Amino acid sequence: MQYFRPSGERGHADFGWLDSRHSFSFGQYRDPDHSGFGALRVINEDRVTPGAGFETHGHKDMEIISYVLEGALEHKDSIGTGSVIRPGEVQRMTAGRGIRHSEFNHSKTKPVHFLQIWITPEREGLEPGYEQKAFPKTDRLGKLFLLGSRDGRESSVTIHQDVDLYGALLEPKGTVTFDIREARKVWLQVARGTLEANGQTLRAGDGLGLSEDGALSVTAADETEFLLFDLAA
């Protein structure tokens, strides 16, 4: 079964300093037909104006991943972490039994554009934690490269859930395939560019969920960047 989520049908919130598009229900946007995909609960595409950001606020029992597309995102939290996340880097924050943090555009002159991803953890009450790793463009060019996993294998960030997160950069006509295993399903989120996935044309902001065994084939129409989540069905 295919589940197509067009970019233009996503939820939308515009606060002036923040322009956010919600693939699934989030904040004031509630849609029972689009409330997540397995353990994948939130994919927000956020654009934050220079110098602005999310003031200190709390989270609990969620794995929160930030993936920066343009600009730089500054992070501070209640467990003592202070960092700046740039394109090619992945941040994983385990909210666990409770954490407070802030996120700001690190630049006073340029906007920041990033994906905010929430994944339900395998259990509640985890120890809050933070991890950030860089994945050079050459690692992701022309192939699916592991960015996050349950066991942190292959130098990926550790996600406390049965999920593998891959990233890929494809040049025009570049192709990658992925085998969907039994009792698994995948979600493909296009960050930029245009591609074809199993006969479905996808553009920046579009998402596609597949919940049947078989191969996923992705071919880029132009320079493309996307994420692929391999999840328990």
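Observations
- Inter-part distance where the stretch 78-152 and the stretch 1-66 are each reduced to a Cα centre, Å: 15 Å
- Likely footprinting exposure, 187, 17, 118, fewest C-beta neighbours within 10 Å first: 17, 118, 187
- Three-way shape call for the stretch 2-232 based on the alpha-carbon gyration tensor, with the a/c threshold at 1.5: rounded
- Peptide ranges 44-52, 225-233 listed from the most packed, as the mean C-beta count within 10 angstrom indicates: 225-233, 44-52
- Restricting the stretch 55-154 to trypsin sites (Lys or Arg not before Pro) in coil, as DSSP defines it, with at most 14 other Cβ within 10 Å: 60, 97, 108, 123, 143, 150
- Relative contact order, whole percent, for the chain stands at 19, derived from Cα pairs under 8 Å and 6 or more residues apart.
- Note on the stretch 2-232: Lys pairs 8 or more places apart or on different chains, Cα atoms under 18 Å apart, count 5.
- Just checking the listed ones, 64, 79, 159: in the Gaussian network model of the chain with Cα springs under 10 Å, the one fluctuating most is 79.
Bear in mind that the values in this text are calculations on the coordinates, not laboratory data. Please read all numbers here as calculations on a predicted model, not as lab measurements. Every residue, glycine among them, receives a Cβ derived from its backbone with ideal geometry; neighbour counts consider all protein chains shown.
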